Every structure is written in C-alpha cells, then in structure tokens.
Amino acid sequence: GDIVLLTKPVTLTEGDRVTLTTDVPVATDGTSKPEKLLYAVSLPPVHGQIEHINYPGVPISSYRQLDVVAQKVSNVHDNSHGAGKESLR
C-alpha cells in the first residue's frame, strides 16, 4: 500500500553535520517491517552531502530506515557561503 513519510526541517550552517534520526525523517508503509524501507536520494543537498557515519566524506545515494534508527546517516554541510534554504529529496 501507501507509504507515509513525515519530515521536519533541519537547519545547517557552514560545516555543520546533522545525524538523521527517526524524528527527521520517519517513514512507514503499513507493513510490519519498517526497517526494510529504503530511502533513495534523488536530489542531494546543493551545499553538502548525505553520508554514512562509517564512511565520512563519501556521499551516499540511498540508505535504509534501519540506518536512520541506528543514527548512522548524516547530512553534512560543505562550508560554502550563502547556502540559504534547500531541500533533500
């Protein structure tokens, strides 16, 4: 069925790193196995990247809900100036 994704805004400034938690984002698809959900990054951040904490400096294009629960995924700002607001899709 349907997939529900709840998100909250996160503010990053130059050089910041924010670890994704089940507060930002959390998803469910109505099955009993939410840990198997896979996020695909179709539009990465303009001023940074999404990384797995075990591989800092290496951008990733997908991650699992289980990685979010374990707090192993981070959004890292690249120190560029004038970033303003942006979205991760």
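List of remarks:
- Computed P(r) (all Cα pairs; segment 35-76; 5 Å bins; percent): 6, 26, 34, 25, 9, 1
- Gained length - residue 16 relative to residue 58, 0.36 nm times residue gap less alpha-carbon distance: 13.5 nm
- Simple label model, 7 Å out from Cα along Cβ direction - residue 36 to residue 23, nm: 3.0 nm
- Interchain or long-range residues, amide H under 5 Å from residue 48's placed H: 78
- In Hz, Karplus ³J(HN,Hα) per residue of segment 44-51 (6.51, -1.76, 1.60; θ = phi - 60°; x = Gly, Pro): x, x, 6, 10, x, 7, 9, 10
- Applying the Karplus relation 6.51 cos²θ - 1.76 cosθ + 1.60 with θ = phi - 60° to segment 64-73 yields 3J(HN,Hα) values of 9, 4, 4, 5, 5, 4, 7, 6, 10, 10 Hz, where x marks Gly and Pro.
A short reminder: the numbers here are calculations on the coordinates, not readings from a lab. Source: prediction; values computed, not measured. Please note: Cβ atoms are built from the backbone with ideal geometry, for glycine as well, and neighbour counts cover all protein chains shown.
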